[in-house]
Every structure is written in structure tokens, then in C-alpha cells.
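All remarks here apply to the structure that follows.
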Amino acid sequence: MTIKRVASLKKAADFRAYAAELGIDLACDDAIQVGAESPLGQPIEVSGRPIGNRWATQPMEGWDGTTTGGITDAVVRRWQRFGESGAKLIWGGEAMAICPEGRANPNQLIINNENAVGLAHLRETLLRAHEDRFGRVDDLLIGFQLTHSGRFCRPTPDRLPRPRIAYRHPLLDRRVNVTDDAAILTDEEIPGLIDDYVRAARLARRVGADFVDVKHCHGYLLHEFLSAFTRPGRYGGSFENRTRLLREIVGAIRSEVPDLLIGVRLSAFDFAPFRPDPDQTRPDHLGPGILEDVSAYLPYRYGFGVDPNCPSEYDLTETIQFLELLESLDIHLVNLTAGSPYYVPHIQRPALFPPSDGYQPPEDPLVGVARQINAVKELKARFPRLVLMGSGYSYLQEYLPQVAQHYLRTGGVDLIGLGRALLPYPGMLADATTTGRIDRRLTCRTFSDCTTAPRNGLPSGCYPLDHYYKASDDARKLSVAKGEIR
């Protein structure tokens, strides 16, 4: 498979021609619109609250907090840059663990009383940076993402897995050393989990958050409950049971913090796990991703939004039911993503260069971008009253503004979420919508160092393009970990 680099496509017509060559539906406007004409610059409301434009920051933890889940200078710098991005919706800033044992890494932020002053400082830093550059913050909406990492908990300095799971998974258990039922979160433990979410939501409101995200994505605990078909009892089996935990958490938060908005980040679809092709993998080279052998597990009952008869394809049937449930719960702000960075990174964050725990792309990454964009487009057509935010745009690189504005202009999405692209270039869309251009030198090329670094115990950041990381001692450590220097 030959993949053309996006940077080699010199104009929008070339981009569209390549999309047609790939056989994908991925539209791209010819030019970036600026000022009052820009679809990216239009305001929108959610639950009566104004959002001043159509781009947002995605939640990106840096693996760089303190061991007690507090802030550091690196965390503050990231939030300042989020403020400078011009985004009027701050979705989480970071994924914040609701309890120490729920962290995905031993330096993840924890949302608790001990860290309240620091979290308030992050918000205030972001507000000041945004007001200094853009002049107003009354149209800015800031949310905190509440998470429990479930199967992917690594909360202690040894970085070993300490999973808490919704059910036994025949393929993923071995990846995190689950060998018996001890890791399963029991029904009797769930009231304590709900209490953790409520405490976190109460604190989020106290330090100034406008909303909280009850996170249901990327294989973490609440997302895993959505696929708990094989779990017995009140929280498994039927759709009603598998969404019971969401309903109970939302009800408890609303009872305790009635003026706090609630959003949900959802993996709208998933695949069965992929792994590097062992026949093409060498010590210095990852093979392309291939589907794990699922022949013994068909129909596949271990994923949400997966076609059970062909688990390398998605099925939005239950995703639609879930969005109907959110509407009935008066939750209108929904951030759509896909899959998981742990077992299907190519559908979650399309990239040309894999992280150290991934695999070479099994498809052109633009195929993965189009998959997410078109799933969101389909769901938006069904749910005009929901405010839907799309993900997966970073791989578009130079063409991100033109593709984003097309789908905003044509009603295929309401908001554009940016993650990796903001790390080296927080002002990307602010520049695009004021000058009609972006700085190619700062554009994310999806080298995946922002993931490879934390997989090797280092802070996440853009080591190739952001001087703060490029000039750090950690940059050399990362090069050693990647085998680039000895």
C-alpha cells in the first residue's frame, strides 16, 4: 500500500482527487473563509449557553502532573495555550480521574479537594490567556472531563496495569494481565463509583467549570459498560442495563449540582482489537495492523457500535439508541470519537506514523478520517437538536480548515474538536479564520511522539515541533527509547 502524504497534495483539487482515488467521501472547500463569512467563526448555543465559535479543544492529559494528581508548570502552560487557541469550547482540557486508583498513568490529574486550588488556577490561567488575546470570555464554555480508566488503569509509579473491568474480555484481558474475575467491578461497588463522580462534579462546579463530561469513550470504564453484553446482573446484558450506570450517575449529579451542565464524549463506534502483523514485524519495525483472530467469538459481543458479524465494521444501531437516551436525559452536548488508542488507534486517531505500542496503518489514514466524519454526519442528520462535536481532524493537516468548514457549512457537524494539532500550533484555526492561511511549519504531521513518549514513561507533548519539548532533557530520552540514539 502506497500512502500519499497530505503535505504532497498542493491544492484542494489534489486533495479531492486523492480522496476519490481512495474511494472515500471526504469533501474539501477550495479556500479558507475568513471573518464574518467563516463557518468556523459562527456562534452556537447549548442549553441556553453561548459558544462563540465552532472549534474546541479536546481533552489531552500530558502525563505530567504530580504523583498526587496535582498541577505542574507543564500543565499550566498547556492550559494557557488552550486559552490562546481561540477555541470557545474547552472540552475537558485534561481527562481528570475521579479517584486515585482510576488513573491511566501515575501523573494524571485527580479531581479532588486536595487539588482544587490547582484546578481553579488552570481555569483562571486559561481565561486570562483567552481574554488577553481575544478580548472576551462571556462566550467561552469550559468543561472538565471526568474519567475512570477501568481496564487501562496504571495509577502507580511502576506503571503496571491495575485494571478494573466491567466484564472479562477474551482478547483484551491478556493485554493487561487479567487472569481471573478479581478485577471485575462488582454491583456492590458501583454506588461508591457513583459517589466519586458526584464528588468530582461538585468540585468541578465549585472551581468554576460550566459543565462536566461523563466520559464514555476509548475503552475506559463507562465505555466498557456499554459493551457489557456478557455481564450478569443489573449492569449487563440488555441496552437498558448497560446504560443504567450512565442514568444513575447523571441523576445523582443533577440532584447534587443542578446548575451544572452535563456533556458526554462517546466512542460512537468500535472495532474488535487489532495487532501488528507478526509476519511483518521486526525488532526495529512494526508490522501493519491486522484484526485479531475473532473466529471463536462470533457473533462478536464485546464492543459497542460494532457489527457483531463483521467486527472490523461499525454498526450505529445502538449508538442511535444511546443518543436518543441522552436527549431524554436533557443532555445536548455530545463529543463523538471512535474506538480506543489502546487496541484500534488507526480508527481513533488516524496517523501515518504509529506510536511505539501501535502498528503501521492498515489503511490510508484519510480513510479513518472520513469514517469518523461520515458517521458524525449520519448521526447529525438524525439528531438535529443535539450539538454534536466531531473528532479525528488532525491528520488533515493543511486541509483541516477547508474540510472542517465544509462540514460545518453543510450541517454535517456542529463543532470541530482539535487534539494533537493544538499541541504545536494552538492558534491554527484562529490564524485560518483571520488570515486565510496557516503556518505549515507548525502543522502536526502525526508523528505520534505525543503518544510514544508517555508509553515510555515520559510527558506527552509535541517533541518534533514544540520547542518546549524539543529542547528538553526528555527529548533525548525519547530518542533513546525509540532507538534513534544510543
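From largest to smallest, the equivalent ellipsoid semi-axes obtained for the stretch 373-486 from the alpha-carbon gyration tensor read 32, 17, 10 Å.
Taking each DSSP H run with n ≥ 4 as -39500 (n - 2.57) and averaging over every residue of the chain yields -9500 deg cm²/dmol at 222 nm. For the stretch 266-331 versus the stretch 71-126, the inter-centroid distance based on Cα atoms is 30 Å.
Take every DSSP beta bridge with both residues inside the chain and express the antiparallel ones as a percent of the total, to the nearest 5. Can you show the working numbers first?
Working: 8 of 40 bridges.
Bridges in the chain that DSSP calls antiparallel: roughly 20 percent.
Phi angles of the stretch 158-174 translate, via the Karplus equation with coefficients 6.51, -1.76, 1.60 and θ = phi - 60°, into HN-Hα couplings of 6, 6, 7, x, 10, x, 10, 10, 8, 6, 6, 10, x, 10, 8, 3, 5 Hz per residue; Gly and Pro are given as x. Annotation for the stretch 1-39 versus the stretch 344-370: alpha-carbon center distance of 18 Å. Taking Lys and Arg as +1 and Asp and Glu as -1, the other residues whose beta-carbon sits under 9 Å from that of A12 total -1.
Within the same chain, lysines fewer than 8 places from K482 are excluded, and of the rest, those with a Cα less than 20 Å from its Cα are K470.
At q = 0.08 Å⁻¹, what is the log10 ratio I(q)/I(0) for the chain, with the Debye formula run over Cα points and no solvent? Scattering profile of the chain, log10 relative to I(0): -0.43. Each 10 Å bin from zero up to the one holding the largest Cα-Cα distance in the stretch 153-226 carries the following percent of pairs: 16, 41, 32, 10, 1.
Plainly put, the stretch 447-486 has a radius of gyration that is 0.90 times its Kirkwood radius, both from alpha-carbon atoms, as the Rg/Rh ratio. Highest mean packing comes first when the peptides 23-33, 104-114 are listed by Cβ atoms within 10 Å, giving 104-114, 23-33.
Counting only Cα atoms, the size of the stretch 43-168 along its three principal axes is 46, 32, 22 Å, in decreasing order.
FYI, it's all coordinate maths here, none of it is from the lab. Everything quoted here is computed from the prediction, not taken from an experiment. No Cβ is skipped: glycine too gets one built from the backbone with ideal geometry, and neighbour counts run over all protein chains shown.
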